[in-house]
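First the structure, in the form of structure tokens, and then the observations on it.
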Amino acid sequence: MGRSMGDGMARVLIIGSGGIGRRHLRGYAATGRARLSIVEPHEGRRQEAEAMFPIEESHADLATVDLKAFDLAVICAPANLHVPLITACAAARLPFMVEKPLAVTMDGVDAAIAAVEAAGILARVGYIRRIAPEILALREKIAAGLIGDLRLVYVNSSQDFPKYRPDFQRTYYARPEMGGGAILDAASHTFDMLVWLMGRPVAVASMYDRLVLEGTDTEDTCLVSIRFASGAMANVTINQFQKPNVAEASFIGTKGNLTLAHSVLSHWDDDSGRPRETRDYMDGLVPTEAHQARFTLEANAMLDALDGRPCSLATLSEARESLRIALGAKASWDNRIIVSL
Ligand SMILES: NC(=O)c1ccc[n+]([C@@H]2O[C@H](COP(=O)([O-])OP(=O)(O)OC[C@H]3O[C@@H](n4cnc5c(N)ncnc54)[C@H](O)[C@@H]3O)[C@@H](O)[C@H]2O)c1
């Protein structure tokens, strides 16, 4: 294995050097704990990554890679390829982090999870909010009982997506079968956060559509309601065309509320209109730099997990739950039913 080669650095294989692959290349490079290699079938993108990062090995095809020479894979290909790539890592007993969502259908998901369990390897899913300081603080405050029992959550996460991803019509985002659209691509982050905070989902109802964005076959808007085994409920609203960038969530408990507005976490326990406590977890940071810094945090979390330290990133089984919510949301509107999960 890489680290037995003597320098203590982990040999990390980034599979797919597109948008998110490059964020991970930058993040792992910034840890100072990793030696980087890539697999990227697109020649131009592969050459760009080779020019941008200190890359040891660069491959066009996973089939030419000696997976056993690596300590960790980071799967950054489109989500319709996640199941076969997870299966390849399991066969080589190579620990990995796979980007979200876990997959785009349930086909092969349970067999892939079983193969990973049989291989006994570390495996996590890249729902980046799980290492975000404001979400960790939120989770701790809820677990400590600050708002009593959490019974209801409202989330509105909406933005002018084409501004942030100008190539959206040419990426997986435009194609439902590759994991694009508001539900699988965007809302799945929120579904994972809700599974983490609220436990097992039992039912989902939704409406979704492409209301504005042109040049895609995917929905740019979804309204999703979820019920959990505890009886608590959540409502998730997303549009990907409005001009203001809104990321607001209310976590409503029997003794008070916690609200998140981007990175500002506030605690409210009366009707004075003023929070009892409020804190911006990105205060003083430039938002774009703070966002990239989270990929370094995530890389360190995976490298720590390889060293046997606890890791808050989503397990495959947890990501399976958020995938079931996403697929249930699609089935709900397609069939005009409430879907039991
Ligand atoms: N965690 C986050 O915040 C976040 C953000 C964006 C995207 N993502 C996820 O990351 C994944 C990729 O998204 P992206 O925006 O980087 O897409 P992208 O299209 O920019 O990049 C995907 C890359 O994978 C490459 N690829 C295709 N087949 C491959 C294969 N067999 N082996 C290796 N590489 C292959 C493509 O050539 C492309 O360069 C998706 O699952 C997406 O949902 C996560």
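Every read-out reported here was derived from the displayed coordinates using simple, explicitly stated rules and does not represent laboratory data. In this text the structure is predicted, and so the values were computed from the model without any measurement. Counting neighbours? That spans all protein chains shown, and the Cβs are built from the backbone with ideal geometry, glycine included.
Across region 155-170, rounded Karplus estimates of 3J(HN,Hα) from the backbone phi angles (6.51 cos²θ - 1.76 cosθ + 1.60, θ = phi - 60°) give 10, 10, 10, 9, 6, 7, 3, x, 5, 8, 9, x, 8, 4, 6, 10 Hz, Gly and Pro being marked x. Angle of helix 133-143 to the longest C-alpha principal axis of the chain, folded into 0 to 90 degrees and rounded to 10: 50°. Applying 1/(1 + (r/R0)^6) with r as the Cβ-Cβ distance of ALA30 and ALA63 and R0 = 45 angstrom yields a FRET efficiency of 0.90.
Computed from Cα positions, the angle between helix 82-91 and the longest principal axis of the chain comes to roughly 50 degrees.
For ALA73, the residues 5 or more places off, or on other chains, whose built amide H falls under 5 Å of its own are LEU13, PHE96, MET97. Only helices enter the 222 nm calculation for the chain: every DSSP H run of n ≥ 4 contributes -39,500 (n - 2.57), and dividing by all residues gives -10000 deg cm²/dmol, rounded to 500. Take every DSSP beta bridge whose two residues both sit in the chain; close to 60 percent of them are antiparallel. Taking 28 Å as the limit for the C-alpha separation, the pairs LYS100/LYS243; LYS68/LYS100; LYS100/LYS163; LYS255/LYS330; LYS100/LYS255 exceed it in the case of LYS255/LYS330; LYS100/LYS255. The C-alpha atoms of the chain define a longest principal axis, and helix 43-52 lies at about 90 degrees to it. For region 103-110, backbone phi angles converted through the Karplus equation (6.51, -1.76, 1.60; θ = phi - 60°) give residue-by-residue couplings of 6, 10, 9, 7, 4, x, 5, 5 Hz, Gly and Pro being listed as x. Using θ = phi - 60° in the Karplus curve 6.51 cos²θ - 1.76 cosθ + 1.60, the 3J(HN,Hα) couplings for region 186-197 round to 9, 5, 4, 4, 5, 4, 4, 4, 5, 4, 5, 8 Hz; x is entered for Gly and Pro. If R0 equals 51 Å, the separation of the Cβ atoms of GLU56 and ASP149 corresponds to a calculated FRET efficiency of about 0.50.
Of the residues ALA186, ALA143, ALA249, the one that moves most in a GNM of the chain with alpha-carbon contacts below 10 Å is ALA143. For the pair ASP107 and THR171, a Förster radius of 22 Å applied to the C-beta separation gives a FRET efficiency near 0.50, rounded to the nearest 0.05.
Annotation for region 189-285: GluC sites (Glu not before Pro) lying in DSSP loop with at most 10 further Cβ atoms inside 10 Å of their Cβ are GLU214.
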